[in-house]
Amino acid sequence: MELIGIVFLVLLGFFVGLIASMVGVGGGVFMVPVLSLIFEFTSQTAVGTSLAVIVFTSLASTFAYSRQRRIDYKIGLISAVTTIPGASLGAYLTIFVSSDLLGIIFACFLTFVALRMLVEIHFSFPKMLKGRGYLHRVLVDFEGKVFEYNANVHLAFALAFFGGLSSGFLGIGGGALVVPILHLAVNLPMHVTVATSMFIMIFTSIAGVLTHIQLNNVKLEYSAYLSIGVVLGAQLGARIAKRVSGKILRRIFGMVLIIISIQLFLKFI
């Protein structure tokens with residue numbers, strides 16, 4: 001690979017780590033389109049390579065957020081129980097879908113998530129789920145800010161599977177779906193959601209990438225250069241995120257996804 005290509009991948013990784021750490025996603029929503037549109041990877045290879053980088057994104061971001069004490073480890077571990085099998089299944093399903101169709105599915109998914117975050121539509125669940133399975137949580141971060149909320153652990157356990165499924169299938173780390181689930185359905189504050197999502201992503205990305213390696217969907221050279229930038233960017237992103245309001249984080253997340261989804265539609269349709 002030429003030097004200019006290496007520099008581009010490191011800079012891309014830095015940008016991905018910066019934004020991903022701020023909004024609680026693994027960065028696959030940025031890397032998969034770039035690898036598909038610029039480097040002309042097949043959708044399956046872009047997904048697998050992206051997920052390999054997300055392992056480092058989630059580890060670096062979790063390290064930064066752990067120092068801020070904004071990770072809800074109990075909710076994160078409950079969610080990880082179902083994200084792991086979901087990620088493995090999602091990765092395996094990519095062998096049954098054509099590259100173009102996978103790209104279109106990815107674009108549709110991004111559009112849906114972006115609109116959810118921008119419009120702030122809250123989910124409505126059956127009455128049998130309401131009032132049950134709530135866990136009262138109190139977190140105090142390193143600055144003394146108190147986050148007090150009631151988390152729906154039943155929904156965290158049940159819906160996290162789909163976050164894992166999307167991770168393995170789309171190479172996104174699962175955060176693009178886990179963030180709305182944790183914030184809108186499980187009822188975590190946005191800043192706690194972002195930090196906890198990165199923690200969950202450690203388990204999700206590792207489970208998914210192991211399957212993708214077996215399917216030969218990972219280009220290790222590209223993932224290595226991207227990871228260098230990601231680790232650096234994630235540290236800065238976590239620092240910036242603590243100064244930004246939850247509402248602004250939602251809007252940044254939504255607008256970036258809209259732009260990316262348009263680019264993907266133009267390519268695959």
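Structure data summary
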{"quantity": "Meets criteria (farther than 30 Å from E148 by Cα, touching a residue at least 40 places away in the same chain (Cβ under 8 Å) and not acidic (D, E)) for S58", "calculated": "no"}
{"quantity": "Per-region count, region 20-76, residues within 11 Å of I172 (Cα to Cα) and either of a type in the set (A, V, I, L, M) or in contact with a strand residue (DSSP E or B) (Cβ under 7 Å, 6 or more places away or on another chain) (or both)", "calculated": "12"}
{"quantity": "Any hit, region 180-189, residues being more than 16 Å from the chain's Cα centre (by Cα), within 17 Å of A156 (Cα to Cα) and among the small types (G, A, S)", "calculated": "yes"}
{"quantity": "Flag for H212 being buried (at least 19 other Cβ atoms within 10 Å of the Cβ) and either without any contact (Cβ under 8 Å) to a residue 24 or more places away in the chain or more than 20 Å from A91 (Cα to Cα) (or both)", "calculated": "no"}
{"quantity": "Residue ranges of helices (runs of 4 or more DSSP H) in region 18-99 with at least 2 members out of contact with any Gly (no Cβ under 6 Å at 6 or more places or on another chain), modelled with pLDDT under 90 and buried (at least 22 other Cβ atoms within 10 Å of the Cβ)", "calculated": "28-37, 43-68"}
{"quantity": "Residues of region 1-17 satisfying the condition of being modelled with pLDDT of 85 or more, aliphatic (A, V, I, L, M) and either farther than 30 Å from S245 by Cβ or part of a loop (DSSP other than H, G, I, E, B) (or both)", "calculated": "L3, I4, I6, V7, L9, V10"}
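Condition check ((1) out of contact with any helix residue (DSSP H, G or I) (no Cβ under 9 Å at 6 or more places or on another chain); (2) surrounded by fewer than 24 Cβ atoms within 10 Å (Cβ to Cβ); (3) modelled with pLDDT of 80 or more) across all residues:
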position	(1), (2), (3)
G174	no, no, no
F203	no, yes, yes
V244	no, yes, no
I260	no, yes, no
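Okay, residues lined up against (1) of a type in the set (A, V, I, L, M); (2) under 30 Å from I260 (Cβ atoms); (3) modelled with pLDDT of 85 or more:
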position: A114; (1), (2), (3): yes, yes, no
position: L135; (1), (2), (3): yes, no, yes
position: E143; (1), (2), (3): no, no, yes
position: Y149; (1), (2), (3): no, no, yes
position: H154; (1), (2), (3): no, no, yes
position: A160; (1), (2), (3): yes, yes, yes
position: G163; (1), (2), (3): no, yes, no
position: S166; (1), (2), (3): no, yes, no
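Table: residues versus (1) in contact (Cβ under 8 Å) with a residue 24 or more places away in the chain; (2) closer than 18 Å to I206 by Cβ.
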| residue | (1), (2) |
| --- | --- |
| E2 | no, no |
| I6 | yes, no |
| L12 | yes, no |
| F30 | yes, no |
| P33 | yes, no |
| I38 | no, no |
| S43 | yes, no |
| G48 | yes, yes |
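The values are calculated or read from the model by the stated rules, or taken from the named source; none is laboratory data. Quick caveat: nothing in here was measured; it's all calculated off a predicted structure. When we count neighbours, we look across all protein chains shown, and the Cβ atoms used for this are built from the backbone with ideal geometry, even at glycine.
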